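This report concerns only the one structure given below.
Every read-out reported here was derived from the displayed coordinates using simple, explicitly stated rules and does not represent laboratory data. Small disclaimer: the values here were computed from a predicted structure and weren't measured. Cβ placement follows ideal geometry from the backbone for every residue including glycine, while neighbour counts extend to all protein chains displayed.
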Amino acid sequence: DTEVTQTPKHLVMGMTNKKSLKCEQHMGHRAMYWYKQKAKKPPELMFVYSYEKLSINESVPSRFSPECPNSSLLNLHLHALQPEDSALYLCASSQGLPFGWRETNEQFFGPGTRLTVL
Amino acid sequence: RKEVEQDPGPFNVPEGATVAFNCTYSNSASQSFFWYRQDCRKEPKLLMSVYSSGNEDGRFTAQLNRASQYISLLIRDSKLSDSATYLCVVNIPDTGGFKTIFGAGTRLFVKA
């Protein structure tokens, strides 16, 4: 199984809603990532989890709250979002960790959740 | 200067053409380099990893030039299905390890 899955595929929410994005991988990968991608722009790194611990937080606003319940699952909890947060949210995983230069760090992406904030 | 810069697009080429993209990076301590392709409204998919002096996979060849701090992607015998955005990805040193930076991408259109 070489797949990263994400749910839901599409999400529309109001600025006062609380919602969660989910990501799952069964490749035994040790690192998982959240990216945000706006239209016609490259993905921007938000968070990295290594061995289920948050290792990188790219100064993301607190209205985005990541959670890694176990080595296969990664959630992104959303609360009080703004319309400018509308984007494609991509999850990725890698066998290698973002620490060792000898690590193979190829990242495999899920299909993404297309989020619209009204 | 941006950490990772790519050729501005779009590239419009006929089927069968050879096309090359360049990508430059600013941090000389960068170690890992990748090319991803992304189709419209889809996720990025790993095309090639470039760990040493370069590598080849069928019609695709990636080269790394550490002295000049750039990587390139060569596509031979272009197919219509090669039409996509090609993203250069570099792992740059960061506190305690490294972080992944994507270039802005280069759009390729292959026409019949």
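In this rough spin-label picture, where each label sits 7 Å from Cα along the Cβ direction, the residue A:72-residue A:44 distance is 3.3 nm. One chain, two ends: residue B:68 and residue B:109. Fully extended at 0.36 nm per residue, the span grows by 12.0 nm beyond their Cα-Cα distance. Spin-label model, residue A:9 to residue B:5: label points 7 Å out along the Cα-to-beta-carbon direction sit 4.0 nm apart.
Per-residue Karplus couplings for segment A:46-63, computed as 6.51 cos²θ - 1.76 cosθ + 1.60 with θ equal to phi - 60°, are listed in order as 10, 9, 10, 10, 10, 6, 6, 10, 5, 10, 9, 10, 7, 6, 7, x, 5, 5 Hz, Gly and Pro entered as x.
As a calculated quantity, the FRET efficiency between residue A:17 and residue A:52 at R0 = 25 Å, using C-beta atoms, amounts to about 0.40. Taken along its three principal axes, the alpha carbon spread of the protein assembly as shown comes to 51, 40, 38 Å, from the longest extent down to the shortest.
Listed values for segment B:13-28 are Karplus-derived 3J(HN,Hα) couplings in whole Hz (6.51 cos²θ - 1.76 cosθ + 1.60, θ = phi - 60°), namely 10, x, 3, x, 6, 9, 9, 10, 10, 10, 9, 10, 10, 8, 8, 5, and x replaces Gly and Pro.
With a simple spin-label model that places each label point 7 Å from the Cα along the Cα-to-Cβ direction, the separation between residue A:84 and residue B:80 comes to 4.2 nm.
For residue B:32, the residues whose amide H sits under 5 Å from its own are B:91, ignoring neighbours fewer than 5 places away on the same chain, with H placed 1.01 Å from N. Under a 5 Å amide H cut-off, with hydrogens placed 1.01 Å from N, residue A:41 pairs with nothing among residues at least 5 apart or on other chains.
Note down the relative contact order for chain B as a percent, whole number, built from C-alpha pairs under 8 angstrom at least six residues apart. Write out the running numbers ahead of the final one.
Details: 274 pairs, mean separation 41.4, N = 112.
That works out to 37 percent.
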